[in-house]
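Derivation of every value follows stated rules applied to the coordinates shown; laboratory data play no part. Model, not experiment: these values are computed from the prediction. Positions of Cβ are backbone-derived with ideal geometry, glycine not excepted, and every protein chain shown enters the neighbour counts.
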There are 2 protein chains.
Amino acid sequence: MRIGELSRRTGVPVPTIKYYVREGLLPPGELTSPNQASYGEAHERRLRLVRALLEVGGLPVAAIREVLAAIDDTERPVHKVLGAAAWAATRYGGEDAGAPEGGDGDGAADDAELKLARERVARLVEARGWRIDPGNRAAQALASALATLERVGHGGFVDLLDDYAEAAERVARADLDYTARRVAREDLVEAVVVGTVMGDAVFAALRRMAQVDASARLFPPE
Amino acid sequence: MRIGELSRRTGVPVPTIKYYVREGLLPPGELTSPNQASYGEAHERRLRLVRALLEVGGLPVAAIREVLAAIDDTERPVHKVLGAAAWAATRYGGEDAGAPEGGDGDGAADDAELKLARERVARLVEARGWRIDPGNRAAQALASALATLERVGHGGFVDLLDDYAEAAERVARADLDYTARRVAREDLVEAVVVGTVMGDAVFAALRRMAQVDASARLFPPE
């Protein structure tokens, strides 16, 4: 099909499709004449995936490129691709905050909080029997979040960890069951990537909905 | 204390503190002489909160300003402040994607998917007995995520909704219990804001950790 047809089918404007091709998010169409390219089903599917990662997942273009490379690299084992997806979908704090920074201002007190938080995370992993690498990026992100909570005077939040972990296990089991339905390798990997990224958006929305309900019960509006 | 001491205590560089004051995220210090301002405990606490929302919550400056205004507006009922926090912490898709857009390209087919997704969300809310407004932004975000999943060929993800909702209820109950420990209004509101924003980061990290564990069991590395 021509680019206009691809645009019509996916609802993605032609200039945006061209931008994705330039950025390497979408392979170029097959040239049928010097000024005409033809796109197939694979383009349509990839285009929808890019939109999903961008619009709902909120991933930056560079992270999407990384995830797509992992999907397309058939040499890479599935659990490594899951790792790449989790890495890409992990939000890096402050990078886009736009505030000028005057060097590394973290003092010795902050390091002490981070050390304690890492020990807390290690205890949690052990108690849960989770088979994860001690240097796991998500575990580091968790320790960093706990240290920050401590610094802002909300160290007590750590008491919720068991409830959170229990809920996370339930969600992760559902995620993996969904993944395991797939047979073809590309479908499997795509399901992992989409599920990881989109699952965050779905869970965050559900959590807010459930909070509104819980809050209405706890603080009834006048 | 002087700005240098505030910087030392919080690990936030002086130029960054000045930037926050200019952006209205931190009230200016009290002038003790034409070139000297004095900062108190309230500044220190607010500064740590801003860093937390920025670095771990990943909120843009405008959203932080909105959340702080809600905290400081003592006329606003608690459940409205929770609403403001949930709004601010909801990730808006695609705004920072940097892709040129050629107008609204969504066709009739997409509207049909969104309509079905909204009906699915309404059924979920009814089944759960959640007391939320039909126009609730989180419910809209959920419908939008489900419609996108359908468009990228992952409509089957909807089967996980019950597991996700169950887990979300558990987390929301823990969140509200944590909030309810607070007595003073400002503490209560701050706990809601911090918990809402930081809870996303904590849960996303735990979900990835639990996924790695579930994946290692399902796809054992060679």
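At-a-glance table
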| item | result |
| --- | --- |
| Estimated vicinal HN-Hα couplings, Hz - the range A:129-143 in sequence order (Karplus 6.51, -1.76, 1.60; Gly, Pro = x) | x, 6, 8, 10, 4, x, x, 3, 5, 5, 5, 5, 4, 5, 4 |
| Per-copy distances of the B:ASP177 label point, shortest first, in nm (7 angstrom along Cα→Cβ) | 2.5 |
| B:ARG151, A:ARG22 arranged by Cβ crowding within 10 Å, fewest neighbours leading | A:ARG22, B:ARG151 |
| Using a 7 Å Cα-to-Cβ projection, B:ARG76 label spacings across copies, nm, ascending | 4.2 |
| The range B:1-55, relative contact order [Cα under 8 Å, separation at least 6], % | 36 percent |
| Footprinting exposure proxy for B:LYS18, A:LYS115 (fewest neighbouring C-beta atoms within 10 Å first) | A:LYS115, B:LYS18 |
| Pair A:ARG181, A:GLU30: separation of 7 Å Cα→Cβ label points (nm) | 3.2 nm |
| Interchain or long-range residues, amide H under 5 Å from A:ALA37's placed H | A:ILE3, A:THR32 |
| Chain B, closest residue to the rotation axis toward A, by beta-carbon, whole angstrom | B:ALA167, 2 |
| The range B:1-55 - Rg (one decimal) and Dmax (whole number), Cα, Å | 10.3, 33 |
| Inter-copy label distances at A:MET1 (7 Å, Cα→Cβ; nm, one decimal) | 6.1 |
| Reachable lysines from A:LYS80, criterion Cα separation under 26 angstrom, eight or more residues apart if same chain | none |
| Rg/Rg_globular for the range B:116-173, with Rg_globular taken as 2.2 N^0.38 Å and Rg from C-alpha atoms | 1.09 |
| Contour excess over end-to-end distance, with Cα ends at B:ARG2 and B:GLU66 and 0.36 nm allotted per residue | 20.3 nm |
| Order of B:MET1, A:MET209 - criterion: other Cβ atoms within 10 Å of each residue's Cβ, fewest first | B:MET1, A:MET209 |
